[in-house]
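Values quoted throughout were computed directly from the atomic coordinates according to the rules given, and no laboratory measurement underlies them. The shown structure was predicted, so the numbers you read here are calculated from the model rather than taken from an experiment. We place every Cβ from the backbone using ideal geometry, glycine too, and count neighbours over all the protein chains shown.
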Amino acid sequence: MEEENDMPNELEGVALAGERPRALITGITGQDGGHLAELLHEKGYEVFGLLRGQRNARREALETEFPFINIIEADLTDQTSLIEAVLTSEPKEIYNLGAVSHVGYSFRNPQLTADITAKGVLNLLEAMRVTGYSSKARFYQASTSEMFGGLDYNRPGNGYNEDSLFHPRSPYGVAKLYAHWIARNYRESYGMFISTGILFNHEGERRGLEFVTRKITNAVANIHLGKQEFVTLGDLWPKRDWGYAGDYVRGMWQMLQHDEPDDFVLATGETHSIEEFLALAFAVVGITDWKRHVRQDKQFMRPAEVDILLGDPSKAERVLGWKREVDFAGLVTRMVRHDLDLAGRS
Ligand code: NAP
Ligand code: G4F
């Protein structure tokens, strides 16, 4: 592949002499944004985070937890603001994590999802081009296992890899597929250093309460402390390849340190149902008859479901040396313990 990039390949986790590498993160208020900001700060980067909205409710928490972040007000749907963001931050690396990321929400707001999750990426790539940053900065695109769709006909036995067929099952998955391909297209067309991470579900203490894992661990903690009786969920049979977000942001960074831009799956290679997650989460607080604490409601079911996701991370392990450290049981346990701690304090 033709490459026009003249950046140093070996940041090696330390600040360059006399100059700290600068990174711009979109989606800074989200789960991955927090983990990544922390990681890059530890590695000596100057971190810039894109914050949207006139009065973003998460601004104060962001400033308190991460006082080192340089906040830039911008929105993925507003190209002028993105041009400003690139010029202000002068980044060596751009991590595009901003998106409508909730699959259920994307069915209710498909056009907004397309504007932000799909076209927002194009806006950011064009902002790089018009500012001359297409050859100065490396770009990470947050692609997703939702693009595969989990249907029988395209499901490889040992897990989806970078060459597997796509069949997205939600407006979110479709928007992410556009984003994935426009990122690859800009890499091929303009020689930009663009890597995509096809990440399977990753969770942790920073996970939003609207996602099933955190909704469960938060409820388990409250039920254990007598503050809640049951949790109301949608379908319990779908299976996901669940890993820990801290492991996955390390993989994002590794992708941008590699000498060639490429596409990488990050996954654990294991898949578990929501029922299994529930059983394990309740077991952490000693509850075995967990079914009496779970109700189901159609409002949490989707018009089309992704039945099973299982990823094959062998390329990232081989090429990048990436390895996940937290396993399924470790993930569930740390999330429940974290929520017990939080619920105990409130
Ligand atoms: P998340 O917690 O939902 O965070 C999404 C972020 O996007 C938030 O910071 C949000 O900001 C920002 N955002 C939304 N609309 C925006 C706009 N118009 N302009 C700028 N920013 C906007 O998501 P996450 O779990 O950290 O995931 C990070 C990325 O990885 C997402 O692109 C997601 O789709 C993708 N991904 C996630 C997983 C996973 O399992 N977590 C797996 C594969 C791929 P506000 O606070 O202002 O809303
Ligand atoms: O936690 P979820 O909402 O995650 P989902 O749909 O797998 O999407 C997440 O992972 C993707 C990677 O594969 C990311 F790209 C995406 O941004 C997001 O981070 O739902 C997981 C499963 C689904 O089958 C859902 O139908 O849990 C099921 N579920 C059952 N009850 C529920 C609920 N999901 C949610 N959010 N809330 C429920 O009450």
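Things worth noting here:
- Of all residues in segment 219-236, those being of a type outside the set (Lys, Arg) and either assigned to a loop (DSSP other than H, G, I, E, B) or within 15 Å of ligand 1 (Cβ to nearest atom) (or both) number 8.
- Hits in segment 316-333 - residues which are within 19 Å of the chain's Cα centre (by Cα) and among the charged types (D, E, K, R): Glu317, Lys323, Arg324, Glu325, Asp327
- Residues located in segment 187-218, provided they are in a helix (DSSP H, G or I) and either within 13 Å of ligand 2 (Cβ to nearest atom) or not small (Gly, Ala, Ser) (or both): Arg187, Glu188, Tyr190, Val212, Thr213, Arg214, Lys215, Ile216, Thr217, Asn218
- Residue match in segment 254-273 (condition: surrounded by fewer than 17 Cβ atoms within 10 Å (Cβ to Cβ), in contact with a Gly (Cβ under 9 Å, 6 or more places away or on another chain) and part of a strand (DSSP E or B)): no
- Residues being among the basic types (Lys, Arg) and away from ligand 2 (no atom under 16 Å from the Cβ) - total across segment 287-345: 7
- Per-region count, segment 85-109, residues near ligand 1 (Cβ under 10 Å from one of its atoms) and part of a loop (DSSP other than H, G, I, E, B): 6
- Of all the criteria given as (1) within 11 Å of ligand 1 (Cβ to nearest atom); (2) more than 30 Å from Ser346 (Cα to Cα); (3) charged (D, E, K, R), the one not satisfied by Arg206 is (2).
- Pair list, Cβ < 8 Å and 6+ apart or interchain, from segment 57-75 residues that are of a type in the set (D, E, K, R) to residues that are more than 10 Å from ligand 1 (Cβ to nearest atom): Arg59/Ile71; Glu63/Ile69; Glu63/Ile71
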